[in-house]
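The values are calculated or read from the model by the stated rules, or taken from the named source; none is laboratory data. Given the structure is predicted, the values throughout are model-derived calculations rather than measurements. Neighbour counts are summed over all protein chains in view; Cβ atoms, including those assigned to glycine, are modelled from backbone coordinates with ideal geometry.
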Amino acid sequence: MCAFLGLTCLSKDKKTIFILSYAGTLLLLSRNPVSLPYRFVEFLAFPVCILAGVGLYKVALSKKAKYLLIIFLIAFAQGYWYTEKYQPVISEEEKTAFTWLNSTSVEGHTVISEWRTAPVLAYFSERMTVKGAYEFGAFMLGERTEDTKLFYTEYSEYVILKYDISYVYYGIEEKKYTLKPPFDNVYSTSQTSFHFCRQ
């Protein structure tokens, strides 16, 4: 809402076309093929914030500054309703499993898991994941996605060798594939398990 207000204010003044062109350029750059497909929303935040700031500034300078409170309350309510629905990314049980891997596995081992799990698994275990933390999957995201699906569907030896996978994670997201990993179970709880597949 604030961004549309800023856009309206800027479009009336020819001197501010530079700011509009800058915001538009950021939006176009966010669609480049190098960035991850879903990252454009994060890049979009920059031009939206610029326009929202301009909108709020114009309102503050006018005699309608009292409307800033109403705008703030509406924006706050929308943000609260959106975030209130969300639960933590992982449960305590999953966090315990990931830290267990950190304390029992050798650094350098690669773990495979679904993409929702991978970044958090990589953070708590300090082990490389096939998908997840940006440095491990940014430039081959499509290929890694297909390989992950193939692995959890057939438990292909090809995927194990390709990514030098040592541990297979089988948790809430991975259970949608139904087939439990046919490897040695080295850690197990009601929601999670780790399976060792190769040295």
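Can you spot a residue in segment 139-154 that is exposed (fewer than 13 other Cβ atoms within 10 Å of the Cβ), more than 22 Å from Ser188 (Cβ to Cβ), of a type in the set (Phe, Trp, Tyr) and at pLDDT below 80? Yes. In the set (1) surrounded by fewer than 19 Cβ atoms within 10 Å (Cβ to Cβ); (2) under 19 Å from Thr192 (Cα atoms); (3) at pLDDT below 85, the condition left unmet by Glu135 is number (2). Each residue in segment 162-198 was checked for being part of a loop (DSSP other than H, G, I, E, B) and farther than 12 Å from Thr110 by Cβ, and 13 pass.
Checking the stated criteria, Lys58 turns out not to satisfy the condition of being more than 25 Å from Leu179 (Cβ to Cβ) and at pLDDT below 70.
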